[in-house]
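Throughout, read-outs are computed from the coordinates displayed, never taken from laboratory work. None of the values given here were measured: they were computed from a predicted structure. Here Cβ is always computed from backbone atoms with ideal geometry, including for glycine, and neighbour counts include all displayed protein chains.
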Amino acid sequence: MRYQDLFSTAGESLLRTKSRSVLTILGIVIGIAAVILMLSIGQGAEKYILSEVSDLGSDLVFVEPSSGDHGSGPPDPFMEQTVDLDDLEAMRRSGLFSSVSPALFTTVPISYEEFNEFIQVRGTDQFYASIFPVEMLYGVDLEGSDVDSYSNVVVLGSEIAEEFFGDRDPVGERIKIKSSSYRVIGVYEKQGSRFFQNLDKQVTIPVTTIQRDVLGVDYVNFISARAIGDIEQTKEELRYLMRDTHNIDNPNDDPSLDNFFVSSQEDATETIGVIGSVLTILLSSIAAISLVVGGIGIMNIMLVSVTERTREIGLRKAVGATFKEILEQFLVESVLLTLFGGLIGVLFGSILSWLIGSLLVNFFLPSWVIIVPLDAMFLAAAVSTIIGLVFGIYPARRAAQLSPTEALRYD
Amino acid sequence: MSTPLMKFENITRDYVNGDVVTHALGGITFEIQKGEFVAIMGPSGSGKSTLMQIMGFLDTITEGTYLFEGKNVQDFSQDQLAKFRQQKVGFIFQAFNLLSKSTVYQNIMLPLVYGNLSKTQRVQRTSEAIHAVSMDHRKNHFSNQLSGGEKQRVAIARALVNEPSVIFADEPTGNLDTKTGSQILDLLADLHTQGHTIVMVTHEEEAAQYASRILRVRDGVIESDQMNGQRRRGGYRK
């Protein structure tokens, strides 16, 4: 049997039962579309976060509290807060950094006239802008005197300013944070998002004010700094400095004894890479399960098809089809089904990836990168072909093994 | 005397189902020469269909010798038997066995798909076979749009298309009315006149009278083997 005949015979058989063929491949279509979508979102997220992180610059160092038993990761709300302004001072005095700035966050009700909503407040100091450069739309940024004197002054994110005051310059206006009145001294230019936080929906007040008046605490969430020299060496020296400040005896450099954690932008990049890979594996595994389920569906339908077409198989054998020719016909049918399903899945997955990517770019994360993974498309086509072969072989063998006399007698 | 087309020596066929052994054929010996029109007659369960399936390489024998064109069929593998079916025999079934959602043309071409003719040869052979059964006007119709008689004509064309050494017809009039059955039997008789070898299994005496030789089978053995000098043409009745 020629390959042309093989494919046209298989194709004709599938077309004879169009609606069944379409329903059969639905599992594969959904599975492959899911794989493409997952890979697109996974790779897009990784690229997005990496670009956000690398935008920060490779000389950036963070110090955050740590219970010692883990490295970096999401902050633990119950962890003992061990980083404070004394650490900040020690870092400034060390001469290792060009600038150092603290950060302490909370979300509290903020009101102005009829507006009243929960908004994130960032407590920091005058050096914040030298670490994360930001332009002023109106007025001025925090100054050293504001921090030193626990001033009730606030710099607004551009979206908050627009919401409360429209297009006008709000400098000099007063807003309420919790129940205290704060004077607006400036508005930042639009900054977009960083680490999934919308910076334009934050307000910024002196770190001393947020510690004493808003939260009543003496710690900070983390300290950011720009290193002057070699980043690895700076981190090393910073760890010694912190141990000194915290009175930790740790001659063997054992991170589990520290109550703080020093990290750099590069560490974050590495961690994100690992998280990205794990996420991709996890999501792909789920999608792979759906593909296996789809494959079992194909096998099931092919078995039904073999039973239904027993007489046809008997006839084909009677007119000269060999074991191999029947086997090939049914295998090609199942591979055509899965391959076709795979291609439709790739198409759907790509369209969905593009749609969701566009949605993210237009409404949530303007710097999101839309990725329609080309390698995943080839992988999907290959995987669906393999599914067709693997799940098609059993029904095809059943068909090929039928005895022609029994098959012709079958009702 | 030339080599017979088919030669059977003491062939038996047993079917084993668990502990039960059924003797379908119990030692049959006969020959069929090229150009004969043989009717194999017998009641239900006599073994006539089994005999035809063995003759057409669809089934195998338990004991004995079956020589086709002088070659011992037992020496062939399953794949070789399949190729033999493709090249040497054509089948006509009681239930027609057409692919219902394929056209007349596609149905008739089916045996050639498993051969190795060029596309031009296939088209030519198929057209000739369609013409031989006068179905040219219906060649693009689907087989489920045809009447019973037309279906059997298509089946006959399909049996002819590979230019076989022998055509096997298993109760070819079984699903047809008297008039249509008569036309089909006339067609088979015409093919015989043109030189084709035909083996027809039937339980109808009237149908058997179209053949040049009648072999009567009962309980798996040949009861009689007679030449039929008074061959019937037309006037078949059920």
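Miscellaneous remarks
- With semi-axes defined as the square roots of five times the eigenvalues of the C-alpha gyration tensor, the equivalent ellipsoid of the range B:26-144 measures 30, 18, 13 Å, largest first.
- Over the range B:108-193, the pair-distance histogram of Cα-Cα distances with 5 Å bins from zero comes to 3, 14, 26, 25, 20, 9, 3, 1 percent, rounded to whole numbers.
- Shape parameters for the range A:324-399, alpha-carbon atoms, Rg then Dmax in Å: 17.5, 57
- Taking only Cα atoms of the range A:250-360, radius of gyration then Dmax in Å: 26.1, 87
- Normalised by 2.2 N^0.38 Å, where N counts its residues, the alpha-carbon radius of gyration of the range B:1-90 equals 1.10.
- Think of the protein assembly as shown as a dipole: +1 on every Lys or Arg Cβ, -1 on every Asp or Glu Cβ, centred on the Cα centre; then among A:Ile110, A:Val203, A:Met302, A:Met302 lies furthest on the positive end.
- Two-decimal log10 I(q)/I(0) for the range A:1-143, as the Debye equation yields it once each C-alpha is a single scatterer, q = 0.08, 0.20 Å⁻¹: -0.52, -1.34
- A straight Cα-to-Cα reach below 28 Å connects B:Lys34 with the lysines A:Lys317, B:Lys7, B:Lys48, B:Lys71, B:Lys83, B:Lys88, B:Lys151, residues fewer than 8 places away in its own chain not being considered.
- Listed residues A:Ser101, A:Leu355, A:Ser67: farthest to the positive end of the dipole of chain A (Cβ charges): A:Leu355
- Once the convex hull of all Cα atoms in chain B is built, its volume per residue stands at 136 Å³.
- Chain A: relative contact order in percent, alpha carbon pairs under 8 Å with at least 6 residues between: 28 percent
- Proximal lysines relative to A:Lys176, as straight alpha-carbon distance under 22 Å, when same-chain residues fewer than 8 apart are discounted: A:Lys201
- Positive-end residue, the range B:6-227 charge dipole about Cα centroid, Cβ charges, pick of B:Tyr15, B:Ile61, B:Tyr114: B:Tyr114
- Spin-label proximity, A:Tyr240 to the range A:259-296 - amide N less than 20 Å from point 7 Å beyond Cα toward beta carbon: A:259-264
- Kyte-Doolittle mean at least 1.0 and Cα axial length at least 18 Å: DSSP H helices in chain A: A:18-55, A:265-308, A:323-359, A:374-401
- FRET E, pair A:Ser180, A:Glu232, Förster distance 30 Å, beta-carbon r, rounded to 0.05: 0.10
- Amide N of the range B:27-70 lying under 20 Å from the label point, which is placed 7 angstrom from the Cα of B:Gln230 along Cα→Cβ: B:37-42
- Charged side chains reduced to their Cβ positions (Lys and Arg at +1, Asp and Glu at -1) give chain A a dipole of some 3220 debye around its Cα centre.
- Computed E for A:Ser51/A:Glu143 - FRET, C-beta separation, R0 35 angstrom, nearest 0.05: 0.65
- Dipole in debye (nearest 20) - the range B:91-220, about Cα centre, beta carbon charges: Lys, Arg +1; Asp, Glu -1: 540 debye
- Largest first and in whole Å, the equivalent-ellipsoid semi-axes of the range A:81-258 read 33, 17, 14, each the square root of five times a Cα gyration tensor eigenvalue.
- Long-range Cα-Cα pairs in the range B:73-132 (distance over 15 Å), rounded percent: 58 percent
- Exposure proxy shown here: for A:Asp258, A:Asp411, the number of other Cβ atoms within 10 Å sets the order, fewest to most, as A:Asp411, A:Asp258.
- Dipole magnitude of the range B:6-227 about its Cα centre (Cβ charges: Lys, Arg +1; Asp, Glu -1), debye to nearest 20: 980 debye
- Largest-first ellipsoid semi-axes for chain A, taking √(5λ) over the Cα gyration tensor eigenvalues, angstrom: 64, 25, 16
- Computed FRET value (nearest 0.05) for B:Asn144 with A:Leu355, which takes r as the C-beta separation and R₀ as 30 Å: 0.10
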